[in-house]
Amino acid sequence: MNTAVGARDFGVYVHVPFCSVRCGYCDFNTYAPGEVEGATREGYVEAALREMDLARAAMPGDTRAARTVFFGGGTPTMLDSSALIALLDGIRGTWGLSADAEVTTEANPDSVTKESLHALARAGFTRVSLGMQSAVPHVLRTLDRTHNPANVARAVAAARDAGLKVSLDLIYGTPGESLSDWRASLEAVIALEPDHVSAYALVIEPGTRMGAQLRRGEVQPTDPDTQADMYELADTLLSEAGYSWYEVSNWAREPGDRCRHNMAYWRSQDWWGVGPGAHSYLGPHAHPDGEQVPARRWWNVKHPRAYAARLAEGGSPEAEGESLDPEDLRLEQVMLRLRLSEGIPAELIEGRAEAVSTLIADGLLDGAAALRGTLKLTRRGRLLADLAVRALAF
Ligand SMILES: C[S@@+](CC[C@H](N)C(=O)[O-])C[C@H]1O[C@@H](n2cnc3c(N)ncnc32)[C@H](O)[C@@H]1O
Ligand code: SF4
């Protein structure tokens, strides 16, 4: 066993780059049927399994089993459950899976059935994260979401019947969404009693269809004050319903309902990202020959066709990578962990006493926690998390 890595957990991310329709706001590496010429779902599964074979050889002496697995996308459930199960079996064969592993798949409410969810649960999946986004028809239309709101309740009931934990994803700040629309979505989520909720402020990237609509003046952006009110409403209603925030955009019923895979990213644990455009990270460790290997992050070629072609030729799908020195790692820790309710140890930002005092005086950091040596965001701080990170990290 490579002891230097033994202290960190290991997880596997699998990127599935297919969707039935591309939503106008979405900037993820995903392709609708008309956009993905030359790359099939069968070819993708074969290529992803080949990448796993290469991965094992790239981690000599490392015997860690995966403690978490996350199938994200795209829409992983565009693959048949048998294909998702084959990929999970590939992970078992390559790294092994801990007995208590968390295994999540993202899904669109329309892309799962009672049968598919039962099959996934029998094969070892433990959790499903459903893209609900909103419960309000005009908001769903603006987001190009194709699902019928009633399918969310069906999918949640089917997932629960299969014994899966359920997370629901919401987006707020959609053009034309009012505070009362947002309240209706939050109330609908709470009525469905998921174990976990993620609520993201809509980001409109320039290269997307919605970005073009914005440029042409066809949609109006939500003003930042309204978005802040929406965040506060989410936190109030979710807290009243028994959910606690544990990361700026994430709430869970119990500590055990937090997404362990995402927690591992935020705490700079190790992970291998399989699939087109997937990112991987391995922290500093000792090679079995004794050489010290610095922390490294790398990412795969983005297009599914290029990804499959590289692997078919027996090559690595890596596009580029970078080594991280201890200062890079410290900055990354501040940026990621400050967004967690557990906060960061004050030692991580030594020499920034003035910035800390200002952030406490402005109500962004919790003063009592700071006295005990931990920097934690207040609710106001969560609204301005990026500003707090900039003040502390750079
Ligand atoms: C990559 S999607 C995968 C899940 C699934 N394809 C779906 O959309 O239901 C994960 C989540 O990212 C969020 N998301 C995607 N694009 C976003 C954007 N531009 N702004 C904010 N959130 C976004 C959505 O809430 C979505 O559920
Ligand atoms: S379904 Fe999800 S991944 Fe696919 S385009 Fe829409 S938001 Fe993006």
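The values are calculated or read from the model by the stated rules, or taken from the named source; none is laboratory data. Everything numeric here is computed off the predicted structure, so don't read it as measured data. Cβ coordinates were reconstructed from backbone atoms using ideal geometry, including for glycine residues, and neighbour counts include every protein chain displayed.
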Of everything in the stretch 20-29, what is within 20 Å of the chain's Cα centre (by Cα) and either near ligand 1 (Cβ under 7 Å from one of its atoms) or not polar (S, T, N, Q) (or both)? Give them in sequence order. Arg22, Cys23, Gly24, Tyr25, Cys26, Asp27, Phe28
Among the residues of the stretch 87-102, are any under 30 Å from Thr174 (Cβ atoms), surrounded by fewer than 16 Cβ atoms within 10 Å (Cβ to Cβ) and assigned by TED's automatic domain parsing to the domain that holds Asp257? no
Does the stretch 76-98 include one or more residues that are under 30 Å from Ala184 (Cβ atoms), modelled with pLDDT of 95 or more, within 13 Å of ligand 2 (Cβ to nearest atom) and not in a helix (DSSP H, G or I)? no
Number of positions in the stretch 231-267 that are closer than 18 Å to Lys376 by Cβ, in contact (Cβ under 8 Å) with a residue 40 or more places away in the chain and surrounded by fewer than 17 Cβ atoms within 10 Å (Cβ to Cβ): 3
Between a residue in the stretch 149-170 that is at positive phi and any residue that is surrounded by fewer than 20 Cβ atoms within 10 Å (Cβ to Cβ), which pairs come within a Cβ distance under 8 Å, given they are 6 or more apart or on different chains? Gly163/Ala121
So, in the stretch 72-110, how many residues would count as being away from ligand 1 (no atom under 16 Å from the Cβ) and at positive phi? 1
Scanning the stretch 54-63 for residues that are touching a helix residue (DSSP H, G or I) at 6+ places or on another chain (Cβ under 7 Å) and in contact (Cβ under 8 Å) with a residue 40 or more places away in the chain, which turns out nearest to ligand 2 (Cβ to nearest atom)? Ala55
Report, by residue number, each residue of the stretch 37-72 that is under 18 Å from Pro317 (Cα atoms) and in a loop (DSSP other than H, G, I, E, B). Gly38, Ala39, Thr40, Ala58, Met59
Say whether the condition of being buried (at least 23 other Cβ atoms within 10 Å of the Cβ), over 27 Å from Ala212 (Cα atoms) and either without any contact (Cβ under 8 Å) to a residue 12 or more places away in the chain or in the same structural domain as Ala135 (by TED's automatic domain parsing) (or both) is met by at least one residue in the stretch 18-40. no
Quick test for you: out of Val16, Val69, Val45, pick the one residue that is hydrophobic (A, V, I, L, M, F, W, C), farther than 18 Å from Leu97 by Cα and away from ligand 1 (no atom under 11 Å from the Cβ). Val45
So, Ala184, is that one within 16 Å of ligand 2 (Cβ to nearest atom), without any contact (Cβ under 8 Å) to a residue 60 or more places away in the chain and at negative phi or not? no
Residue that is nearest to ligand 2 (Cβ to nearest atom) [pool: residues in the stretch 100-115 that are among the β-branched types (Val, Ile, Thr) and assigned to a strand (DSSP E or B)]: Thr105
Among (1) of a type outside the set (Val, Ile, Thr); (2) crowded, with 18+ Cβ neighbours inside 10 Å; (3) part of a loop (DSSP other than H, G, I, E, B), there is one condition Gly315 misses while meeting the rest; what is its number? (2)
